[in-house]
Amino acid sequence: MRLAVCGLGRLGAALAESLAAHGHDVTGWNRTPRELPGLGAARTAADAAREAEAVVVAVFDGGAARSVLLGPAGVTAGAAPGTLVINVTTLAPDESRRLAHEVRGAGLRYLEAPVAGSVPAVRSGSLRVFVGGTAEDALAAEPVLLPWSHAGSRRLVGPVGDASALKLVANLALGIAASGLHDAVRLGAGLGLAREDVLDVLQKGAFGPLVAGKRRRLSSGSGAYDAADFTVAALAKDLALATAAVDEPLAGAVAAARLVGRMAERDGDLDIAALGGAPPHMAARAERESREGEGKGKGAAADVT
């Protein structure tokens with residue numbers, strides 16, 4: 001298929017590369033110009049969409065999605081009537097419904113397809129894709145979604161808005177788990193426990209999938225939180241959407257949103273594993289003890305020789 005991918009950030013680039021690797025003819029566009037091996041490059045989103053049978057939109061938030069889709073040089077300005085738009089951006093349900101209405105009003109088809117999983121899951125084909133739209137459009141999107149999810153799943157949740165709602169539920173649970181991890185490792189540190197003992201216990205408990213997936217980063221120290229799979233800023237944005245989505249009081253969600261939001265202000269580009277990082281005073285002590293241990297080791301070697 002001739003495809004366009006608009007938005008070549010961490011996730012969008014991985015999606016585009018996966019599609020190209022599976023034999024699709026992919027043209028990419030990014031607000032900040034970026035070229036990827038094996039992909040065509042377009043000057044605008046409209047140019048990217050002009051010859052495409054389907055257009056994947058993978059951007060940070062609703063404002064960016066609206067600009068990419070409906071702006072003067074957006075997808076609707078270039079795509080042929082009937083082109084299928086597949087929006088993987090995590091949005092508020094009502095926001096996705098409004099976009100669908102306007103995109104369909106411009107003569108295109110619209111499917112929301114937010115995903116659970118991040119860059120490693122794209123590469124292994126194990127994303128879980130939540131699909132919102134018509135059954136006909138979901139079937140038409142299968143060749144696009146399959147490379148990312150052949151070892152994962154694709155669930156047609158219902159009409160547009162329902163998949164976005166389910167994605168908020170999933171990311172709310174992730175945010176609460178990440179916040180719980182934050183507190184659990186700090187409790188362990190405050191009680192003087194070895195960090196690896198704490199992580200071992202947490203990995204076998206309720207936080208197991210999160211700790212297992214992030215264990216290399218969690219065990220490696222502060223530098224391991226760069227080159228994020230899923231950023232603190234993105235999680236903060238999703239938690240804000242979740243807390244605003246219903247009138248019901250969501251005490252855990254509010255607390256998680258506050259914690260993650262504060263961290264996003266300082267370290268938004270870090271991987272969410274940074275929420276489980278060692279407290280600063282403990283990290284400094286561990287580094288100091290490591291240096292002292294190295295010094296003792298060198299001294300002992302000198303004595304032997």
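The values are calculated or read from the model by the stated rules, or taken from the named source; none is laboratory data. Note that the structure is a prediction, hence the values are computed from the model and not measured. When we count neighbours, we look across all protein chains shown, and the Cβ atoms used for this are built from the backbone with ideal geometry, even at glycine. Heavy atoms of the whole protein, side chains included, go into the accessibility calculation; ligands, DNA and RNA do not. Shrake-Rupley method; radii C 1.70, N 1.55, O 1.52, S 1.80 Å.
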- request: Answer yes if at least one residue in segment 70-77 is in contact (Cβ under 8 Å) with a residue 24 or more places away in the chain, assigned to a helix (DSSP H, G or I), over 19 Å from Leu8 (Cα atoms) and of a type in the set (A, V, I, L, M), and no otherwise.
  value: yes
- request: Check off (1) of a type in the set (Gly, Ala, Ser); (2) in a loop (DSSP other than H, G, I, E, B); (3) surrounded by fewer than 18 Cβ atoms within 10 Å (Cβ to Cβ) for Gly63 and give me the number that stays unchecked.
  value: (2)
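Could you identify the single residue in Leu15, Leu36, Leu19 that is part of a loop (DSSP other than H, G, I, E, B), of a type in the set (A, V, I, L, M, F, W, C), touching a helix residue (DSSP H, G or I) at 6+ places or on another chain (Cβ under 9 Å) and open to solvent by less than 50 Å² (accessible area, probe 1.4 Å)? Before the answer, list the steps.
Values: Leu15 fails: part of a loop (DSSP other than H, G, I, E, B); Leu19 fails: part of a loop (DSSP other than H, G, I, E, B).
Of the residues listed, the single one that is part of a loop (DSSP other than H, G, I, E, B), of a type in the set (A, V, I, L, M, F, W, C), touching a helix residue (DSSP H, G or I) at 6+ places or on another chain (Cβ under 9 Å) and open to solvent by less than 50 Å² (accessible area, probe 1.4 Å) is Leu36.
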message: Checking the condition in contact (Cβ under 8 Å) with a residue 60 or more places away in the chain and open to solvent by 60 Å² or more (accessible area, probe 1.4 Å), which residue from Arg195, Arg216, Arg155 passes?
response: Arg195
Unmet requirement for Ala92, which otherwise passes all of (1) crowded, with 24+ Cβ neighbours inside 10 Å; (2) touching a Leu at 6+ places or on another chain (Cβ under 6 Å); (3) among the hydrophobic types (A, V, I, L, M, F, W, C); (4) over 18 Å from Ala141 (Cβ atoms): (1)
query: Asn30 fails exactly one of the following numbered conditions: (1) without any contact (Cβ under 8 Å) to a residue 40 or more places away in the chain; (2) farther than 26 Å from Leu241 by Cβ; (3) surrounded by 17 or more Cβ atoms within 10 Å (Cβ to Cβ). What is the number of that condition?
result: (2)
message: What's the total number of residues in segment 120-133 that are over 12 Å from Ala163 (Cα atoms) and open to solvent by 10 Å² or more (accessible area, probe 1.4 Å)?
response: 5
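From Leu218, Leu174, grab the single residue that is assigned to a helix (DSSP H, G or I) and closer than 18 Å to Ala116 by Cα. Let's see the steps before the verdict.
Details: Leu218 fails: closer than 18 Å to Ala116 by Cα.
Just a single option satisfies the conditions, and that option is Leu174.
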Selection from segment 90-121 of residues that are without any contact (Cβ under 8 Å) to a residue 60 or more places away in the chain and of a type outside the set (A, V, I, L, M): Arg98, His101, Glu102, Arg104, Gly105, Gly107, Arg109, Tyr110, Glu112, Pro114, Gly117
